[in-house]
Amino acid sequence: MASINNIDVSKSIDYAKKNQLFDKLNNIYSTLPKGECSGCGSCCMESVGINLIEFLNIFNYLQDKEELRKKSLEKILDYYFMEFMEKKPCPFKDNDNRCEIYEVRPLNCRLFGHWKKDDYNKNLKGVIDKNIQYKNIMKGKYGFEIADDVVNYKIKYCDSFKPEERYLSKGERLNFADNVMVLDSKLFSKGIIDIEFRDRGIVEYFVDSLLNQNMSYNIKVRISKDRNISKRTVSRVKRLLVK
């Protein structure tokens, strides 16, 4: 059974629609400041962190887009299972550097470029430090090394992005995040969806909706230890899950 039950997902989407949670999410998005983006796609290189309501919004968006849904799920599975071995772009980034879910892209994507440079670089250093710590943990526990180009990959500060007015402070950015979290709390408080409350990226949310978390992680570790079976195993998983 998947860690995020798809019946619960459907019930949560129905609840969100009936209680205008998606409308409220879009209202939050609409209050974000504007800016000029070059569209280079350099920032679209990770499984960006998202909230539950944002996952449901994207899941719902894909439901009547069968071709895009299947293509996205295949790229999501590739990203997840190969994550320790090679750096891949966001599964929703197309070959022309465009976002295929641009209408429902999550808050973190919308906020990118609005950071002050010092704040961004300080946060980036923390990310790299945590990656190095995680690499050492995986080496000690499972006996394999996460690829250096994965551990040390940096999404550099975007100097080409120009905010319409000014850059946002940390407090202002967190205020937007808090407002989205309030929408999550409405779902959790009603007990509509039974999932572990933890930080997830966009890839992890979708993988958890396809597989049990422990099972998917064990497969990921196994193929990271034996790269000879990686492509064959991932292809088999995609055939079983992407329908």
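The values are calculated or read from the model by the stated rules, or taken from the named source; none is laboratory data. All values reported here derive from a predicted model rather than from experimental measurement. Don't worry about glycine lacking a Cβ; one is built from the backbone with ideal geometry, like all the others, and counts go over all protein chains shown. All accessible areas refer to the heavy atoms of the entire protein, side chains included, with ligands and DNA or RNA removed. Shrake-Rupley method; radii C 1.70, N 1.55, O 1.52, S 1.80 Å.
Observations on the structure shown:
- Each peptide among 88-101, 67-80, 224-237 gets the average number of other Cβ atoms lying within 10 Å of its residues, and from highest to lowest they stand as 67-80, 88-101, 224-237.
- Formal net charge of residues neighbouring GLY35 (Cβ-Cβ distance under 12 Å; K, R +1; D, E -1): +1
- Taking the square roots of 5 times each eigenvalue of the Cα gyration tensor of the stretch 37-100, largest first, gives ellipsoid semi-axes of 19, 15, 13 Å.
- The portion of the accessible surface of the stretch 119-243 made up by carbon and sulfur, rounded to a whole percent, is 50 (1.4 Å probe; DNA, RNA and ligands excluded).
- Under a model in which nothing but the beta-carbon of Lys, Arg (+1) and Asp, Glu (-1) is charged, the stretch 35-165 shows a dipole of about 440 debye around its Cα centre.
- Cα→Cβ-extended label distance, 7 Å offset, between ASN123 and ARG69, nm: 3.2
- Largest first, the extents of the alpha carbon coordinates of the stretch 94-227 on the three principal axes equal 50, 41, 31 Å.
- 15 Å cut-off, amide nitrogen to a point 7 angstrom out along LYS116 Cα→Cβ, residues in the stretch 148-184: 166-175
- Entry for the stretch 162-202 at q = 0.20 Å⁻¹: log10 I(q)/I(0) = -0.76, Debye formula applied to identical alpha-carbon scatterers, no solvent contribution.
- Dipole in debye (nearest 20) - the stretch 1-103, about Cα centre, beta carbon charges: Lys, Arg +1; Asp, Glu -1: 200
- Sparsely packed GluC sites (Glu not before Pro) within the stretch 159-233, loop by DSSP, other Cβ within 10 Å at most 15: GLU164, GLU165, GLU196
- (i) 51, 41, 34; (ii) 46, 45, 32; (iii) 60, 43, 29, with the label sought being that of the calculated Cα extents along the principal axes in Å: (i)
- Distance histogram for the stretch 51-167 (every C-alpha pair counted, 5 angstrom bins, percent rounded to whole numbers): 2, 9, 14, 17, 18, 18, 13, 7, 1, 0
- Charge context of ASN212, other residues only, Cβ under 14 angstrom, K/R +1, D/E -1: -3
- Pairwise centroid distance, computed over Cα atoms, of the stretch 27-85 with the stretch 209-224, Å: 21
- Neighbourhood charge, 12 Å Cβ-Cβ cut-off, centred on LYS11 and excluding it, Lys, Arg +1 and Asp, Glu -1: 0
- If R0 is 25 Å, the Cβ-Cβ spacing of MET181 and ARG227 corresponds to a FRET efficiency of close to 0.05.
- Computed over protein heavy atoms with a 1.4 angstrom probe, the accessible surface ordering of TYR29, TYR167, largest first, is TYR167, TYR29.
- Computed per residue of the chain from DSSP H runs no shorter than four, each worth -39500 (n - 2.57), the mean residue ellipticity at 222 nm is -18000 deg cm²/dmol.
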